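Structure record follows, encoded as structure tokens.
The values are calculated or read from the model by the stated rules, or taken from the named source; none is laboratory data. All figures in this text were calculated on a predicted structure; none of them were measured in a lab. Because the Cβ atoms are built from the backbone with ideal geometry, glycine has one as well, and the counts that use them run over all protein chains shown. These accessible areas exclude ligands, DNA and RNA; they are computed on the full protein's heavy atoms, side chains included. Shrake-Rupley method; radii C 1.70, N 1.55, O 1.52, S 1.80 Å.
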Amino acid sequence: MDWARAIERNSEALKGIVAALFAMVGLVADAAVAGLPQPIYRAVLRILRPAESAVRRLVVIAARGVVAQPSPARPMPKLPAGKGRANTRLIFKLFDPVKGFASASVAALAPVVPRIHVFGYDPRVAALWAAQRPVAAVVRPSGRANAQRLVLRLQALKLALDDLPRQARRLARLRARHGNVTSPPFRSPLRPGPPPGHRKKKIHEIDEILAECHGLARDALKPDTS
């Protein structure tokens, strides 16, 4: 398998997609983007999620055969009292997010009326169960979504894609650190099952790229028996 060629081909395709996302958001010439129209925000997010998964898998492929010592733990920097760290940078996540189990919303559940039989009819009881709960006022959205975190994710994605060898070394260090833990929370950077952002029906170029990168990353994680 020509791993270098596979990385080059998919990374070039991903760079084109990331450039298109930057243009959609308006990240040109270091322009600040605070909010986006809801349709654009959702459209970018539909491509960003599988793009992050594809780049994460490219890092796994690039880390194939890389051996690194775990970096020593560093103390948290001391901040002045009453001040927090500005959220101006986001580090690209090299491990898939844990898949959560969706729970049904209480508001979406149909109201259940208890079956209670009252001996001796009392109209006050009927009125009690017939009373409806007060409905909260619906707040209409302004039509724009806060794009701060979306922009940080895009920037982190681009930085990771532009320097895959550095991310590969970082992943190797993280895996070495987890190897020294008795029960690490993550044994593999890839979660079981389909990758985050996977769609059964491919509707965009990123879906094809993610499918190829996912298969290659699975092969790259297999032990070398040669």
For the range 6-60, what are the residues that are within 28 Å of Ala172 (Cβ to Cβ) and within 14 Å of the chain's Cα centre (by Cα)? Leu48, Arg49, Pro50, Ala51, Glu52, Ser53, Ala54, Val55, Arg56, Arg57
How many residues, within the range 157-204, are surrounded by 13 or more Cβ atoms within 10 Å (Cβ to Cβ), of a type in the set (Gly, Ala, Ser) and modelled with pLDDT of 90 or more? 4
Could you go through the range 6-25 and let me know if any residue there is of a type in the set (A, V, I, L, M, F, W, C), in contact with a strand residue (DSSP E or B) (Cβ under 9 Å, 6 or more places away or on another chain) and either within 22 Å of Arg144 (Cα to Cα) or open to solvent by less than 30 Å² (accessible area, probe 1.4 Å) (or both). yes
Within the range 22-55, can you find the residues that are at pLDDT below 95, under 22 Å from Asp163 (Cβ atoms) and not small (Gly, Ala, Ser)? Phe22, Val25, Leu27, Val28, Asp30
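So which residues in the range 144-169 are among the polar types (S, T, N, Q) and either assigned to a helix (DSSP H, G or I) or free of Cβ contacts under 8 Å to residues at least 60 places away in the same chain (or both)?
Matches in the range 144-169: Gln148, Gln155, Gln167.
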Members of the range 14-30 found to be more than 22 Å from Leu221 (Cβ to Cβ) and assigned to a helix (DSSP H, G or I), listed by number: Lys15, Gly16, Ile17, Val18, Ala19, Ala20, Leu21, Phe22, Ala23, Met24, Val25
